[in-house]
Structure formats: structure tokens, C-alpha cells
Amino acid sequence: MNGQRPAPRGVELHLTLDEGGGLTQQIYDQIRRAILNGRLPGDARMSSSRELARSLGVARNTVAAAFDHLVAEGYLQARPGVGTFVSAEADRAALSPDRTASPLTPVPLWRNGAFEVPVLNRDPPAYDFRTGMPDDARFPYPAWRRHVDAVVRRSSRAAEYADPSGPGVLRAAIARHLGVSRGLNIVADDLVVTNGVQQAVALLAQVLVEPGDVVAVEDPGYPLARRAFEAARATVVPVPVDEQGIVVDRLPPQAAAVYVTPAHQYPLGVRMSLARRTALLEWAREADAAIIEDDYDTDFRYGARPIDPLHVLDHADRVVYVGSFSKSILPTLRVGYCSAPPALLDALRRARFVADWHGPTATQLALASFIDEGRLAAHIRRMRREYERRHDRITTVLDSDFRPHLRPIPTAAGLHLAAWCEDASHDTIAGWQAACETEGVRFQSIGDFALGTVDPGIMLGFGRIPFDRIDDGLHRLRAAIGSG
Ligand SMILES: Cc1ncc(COP(=O)(O)O)c(C=O)c1O
């Protein structure tokens, strides 16, 4: 080694010489086009004329002549002793294709903007009361990294296409976790691992629903589940929710399925009463319908005695249970699961195969050992205490400083609570949100999750707000509400 670093290689631009005309002209045209439409960015280093000539099977002079023209016109710059580079000043707009003129358009369902992706990764606010996000600052990253490292080092286990259901070790770990934490009586073979609840619901919509079938959803409710059914061309029917959960008497008798969040209704935060659970199971039997139970954030329970999940109360095998590690670990992990009766499970496995074959094996194996080593349980225990403190603090401040404007809705689990606004309209709440935004406070409005009419109310998430910022954040919210 003489200590010199090898010269960096230039961009290997795809060129063809079958467009007709002289070879130099063709090389010139294609490089110029690539510069003008941005495929070759400013300051990119070109392959040398010798390399390019060799790869195209032409004389070096042929390429050198094209380079000379491009340098003379300012598209390329020759830096003696260094190489040839794309000029930073070339007018890139000149040849950009007009993409709006394409005759290709999506089918109507996907054309109307109904499935808009929210604006993501905005700067987090100073006082973050958004719902549904756990506190990533307290996640034990070093331990997680060790588990991922160990899997990647034993790379042969994660190197081949795998079973769409997910690794057996992960399914066994999840079955044990759900047995202990929720009382579910299931084994590995009762589960399919998915990319979060979202994929579980999307796959269920495919295998349970024919186009036009009626699917009942909670109103207000979780919009992403609703959209999965709409995307499967179901007829979605909103059903009101009261302080006991979905109003079973209002369920459409012809529904093929109902989607519910019994442990912590999204967005109201209420828990479905035992009487309502029993009535819902009875309704499903009479309607010959499936119940999709989304148990998305009940690793975190506060005080109240747990009520059995529908999956446990069900003796007719009509309940499909979905859950996620998005709240107990991180939403970016994209790992969820679905427990379903055997025929459905087999269809889900095949639907997963068609959709994306399977999830990232290394992540899933790391998660299995993370659970087996007791890391997940320890993290949940620690975070349950922390979230309970935050939940209790917010409830206390709402009770002491926000009456009579806000009336908290009792909640026993999860990462957010909601409150009715006694003397405000939805527009008033939008005004509070705007005023709060300038103060660094962000929260959501119940109205944004309703299809029909709903009383005005707000949601306060406590996954992302540190305990010591709660009072200050709520103080700012209180100022925005004013004396009313
Ligand atoms: C009702 C409900 N279900 C499920 C989820 C989690 O979905 P996923 O597992 O796809 O991240 C959320 C997240 O906010 C939710 O609010």
C-alpha cells in the first residue's frame, strides 16, 4: 500500500447506442438529457472517457468528443488531474418531463383523496399531547440493539424467505405474553404476525368481506381501521358509542363484521362494560357476524379491575383478536398480531403471503428473544408506573382547573384520555388548537374522528409529554380556553 486512496469511481450512467445517428451524437444527447432532467445531479463525477468507451465498446475518441461538446456548452466541467464533473449550474428545469400529462390514473376509489396520508414528522411540539405515541426516550435501546445484533450475527436464520405467519418462536412468545397479560388461552399456531394492527385489519378486510358487505365501526372511531374496510370496498356503517362502549342496539343486523376497541375505545377512552360485551357476543351470534377486537394499548392499565377481552368471553369462536407492539415498544417496529379461528387464520396466512410474503425476520426474531428474556415485561412495568403518574396528573389538573369547561371521560387504560367540552363547539375547539399551536401545545379534537354528529371534546395523550411538562402545557391550554 502506498497510502494513496483509490480515485472514486464516476457515476455509471445507463447509456444505449441504438437510437440511430452518430455515436458521438448519441452519447452527447443522452448525457445532456440526464443532466437536464436531474438524473445526473450537479457535481456528480462522470466515469472517465476511457471507462465509458470500454463499457460501450466504442473508441475512446468517440466519447472524448462528446465530453468536449458538453464541456464547451457548460454541461460538464473538466477539472484537470481530478476528472470530469456535472456542472452545478446547468438549467435542470428545461427537460423535466411533465408528469401530470400521463394517461395513467388510479381507479376512482383511490382518486378522490379519501385515504390521505397525514403530514408526518413535523417538528414535535414542546407540549405534546397527541394520542397514540409511546415515550421512545425511555425505550431500552441498548438492550434492544443487543438482541438485534445477536440475530444479525447468526445471519443464516434471517437470510431466507420465511413463513408468512411469522417465526414460530415469536408467535410462541406473543401467545405466552397474551396469556399472562390478557388471559388469552392461545398457542403459537393460533397467531399470524403482521405489520401492526393496520395490516391485520387490512388482511381481515380482504378475507372476511366481499365488496358491498356491511361492516360496522365505532363512531367516533379509529379512522385507519375504517379505511381498511373501505379499501376492501365494504359498506361501512358507523354505530354510536356511549359510556359503556359501542351501542349494540344500533348495530345493523345485516353486518358481516364489527370492529371494536373494547378495552380503551378510540378516541373516547371508555371501557366496554361486561353487559355490553355479553350483548355484543349475543348480537354476533344472531347476525352471524365476526367481531374484530382491537386491543391496541391495554398493556397500560390503571387501577380498575380488568374485564376479560371479548376473545376470552367468546365461546363461539366469532372473535378475531388483533394487537400491536406499537404502544408497548415503538410504532416504527411495525409488529402486530392476529389470533383467529383456524379457517380464517389459514386464509390470513395466504393473504399475507400475497401482500408482502412476510415481515422483516431479523426484527421479529430479535423481538422474540426480547420478550423471552423478560425485557418487554420489565419495560411495560416501568412504563405503566410512569404513564399512570401522567394520567393521574392530567386528571387532577382537569378536575381542579378546567371545570366547568372540560369534563374528563373516565378511562382505565391506554395512552390518552378524553374530555367533553361543556360550553364549546367544534369550531371553538379548532380555535383553541390554533391558539395552543403558537404556544407549542398540540392536542386532538374528538370531532375529527366522527362520521356522524358527536359532542365537542378533546383528547389528551400522555405518551410523549414528560411528567414535568404536564402542568405547564395544561396551563397554556387553560389560557387558550379563557374564562369562557
Ligand atoms: C385504535 C388503534 N388501533 C391500533 C393502533 C396501532 O396500529 P399499528 O399497530 O398499526 O401501529 C392505534 C394507534 O394509534 C390505534 O389508535
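Summary of computed values
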| quantity | calculated |
| --- | --- |
| Filter result for residue 412 (at pLDDT below 95, of a type in the set (A, V, I, L, M) and touching a strand residue (DSSP E or B) at 6+ places or on another chain (Cβ under 7 Å)) | yes |
| Meets criteria (more than 16 Å from the ligand (Cβ to nearest atom), under 13 Å from residue 174 (Cα atoms) and open to solvent by less than 10 Å² (accessible area, probe 1.4 Å)) for residue 370 | yes |
| Among the residues listed as 277, 271, the single one being part of a helix (DSSP H, G or I) and buried (at least 24 other Cβ atoms within 10 Å of the Cβ) | 277 |
| All positions within region 85-100 that are at pLDDT 75 or above and either of a type in the set (Asp, Glu) or out of contact with any helix residue (DSSP H, G or I) (no Cβ under 6 Å at 6 or more places or on another chain) (or both) | 85, 87, 88, 89 |
| Scan of region 312-361 for residues that are away from the ligand (no atom under 15 Å from the Cβ), more than 21 Å from residue 179 (Cβ to Cβ) and either more than 19 Å from the chain's Cα centre (by Cα) or buried (at least 18 other Cβ atoms within 10 Å of the Cβ) (or both), ordered by number | 343, 346, 347, 349, 350, 351, 353, 354, 358, 361 |
| Filter result for the condition that a residue is within 20 Å of residue 192 (Cβ to Cβ) and of a type outside the set (Val, Ile, Thr), over 302, 321 | 321 |
| Boolean, residue 369 is polar (S, T, N, Q), outside the structural domain of residue 471 (by TED's automatic domain parsing) and more than 19 Å from the chain's Cα centre (by Cα) | yes |
| Residues that are touching a helix residue (DSSP H, G or I) at 6+ places or on another chain (Cβ under 9 Å) and open to solvent by 40 Å² or more (accessible area, probe 1.4 Å), drawn from region 280-307 | 282, 301, 303, 306, 307 |
| Test: residue in region 457-466 that is open to solvent by less than 70 Å² (accessible area, probe 1.4 Å), basic (Lys, Arg) and not assigned by TED's automatic domain parsing to the domain that holds residue 334 | no |
| Pairs, first touching a residue at least 60 places away in the same chain (Cβ under 8 Å) and open to solvent by 40 Å² or more (accessible area, probe 1.4 Å) in region 190-210, second part of a helix (DSSP H, G or I) and within 14 Å of the ligand (Cβ to nearest atom), C-beta under 6 Å, six or more apart | 198/224 |
| In region 243-257, the residues that are over 14 Å from residue 286 (Cα atoms) and assigned to a loop (DSSP other than H, G, I, E, B) | 243, 244, 247 |
| Listing of helices (runs of 4 or more DSSP H) fully contained in region 22-129 that carry 2 or more residues being crowded, with 18+ Cβ neighbours inside 10 Å | 23-36, 49-56, 60-72 |
| Condition check for residue 278: in contact with a Phe, Trp or Tyr (Cβ under 7 Å, 6 or more places away or on another chain) and in the same structural domain as residue 312 (by TED's automatic domain parsing) | no |
| Residue count, region 129-146 (criterion: within 16 Å of residue 383 (Cβ to Cβ), away from the ligand (no atom under 16 Å from the Cβ) and charged (D, E, K, R)) | 1 |
| Selection status of residue 205, within 21 Å of residue 295 (Cβ to Cβ) and assigned to a loop (DSSP other than H, G, I, E, B) | no |
| Residue match in region 157-164 (condition: in the same structural domain as residue 267 (by TED's automatic domain parsing), within 16 Å of the ligand (Cβ to nearest atom), modelled with pLDDT of 95 or more and in contact with a strand residue (DSSP E or B) (Cβ under 9 Å, 6 or more places away or on another chain)) | no |
| Residue among 232, 257 that is crowded, with 23+ Cβ neighbours inside 10 Å, assigned by TED's automatic domain parsing to the domain that holds residue 317, without any contact (Cβ under 8 Å) to a residue 60 or more places away in the chain and away from the ligand (no atom under 13 Å from the Cβ) | 257 |
| Test: residue in region 174-188 that is open to solvent by less than 10 Å² (accessible area, probe 1.4 Å), more than 16 Å from the ligand (Cβ to nearest atom), not β-branched (Val, Ile, Thr) and not in a loop (DSSP other than H, G, I, E, B) | yes |
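Each row is one residue, and each column tells you yes or no for (1) at pLDDT 85 or above; (2) within 17 Å of residue 328 (Cα to Cα); (3) of a type outside the set (S, T, N, Q).
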site	(1), (2), (3)
104	yes, no, yes
109	yes, no, yes
115	no, no, yes
131	yes, yes, no
134	yes, yes, yes
144	yes, yes, yes
150	yes, no, yes
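The values are calculated or read from the model by the stated rules, or taken from the named source; none is laboratory data. For clarity, every value in this text was computed on a predicted model and none was experimentally measured. Every residue, glycine among them, receives a Cβ derived from its backbone with ideal geometry; neighbour counts consider all protein chains shown. Just so you know, the surface numbers come from the protein's heavy atoms only, side chains and all, with ligands and any DNA or RNA stripped out. Shrake-Rupley method; radii C 1.70, N 1.55, O 1.52, S 1.80 Å.
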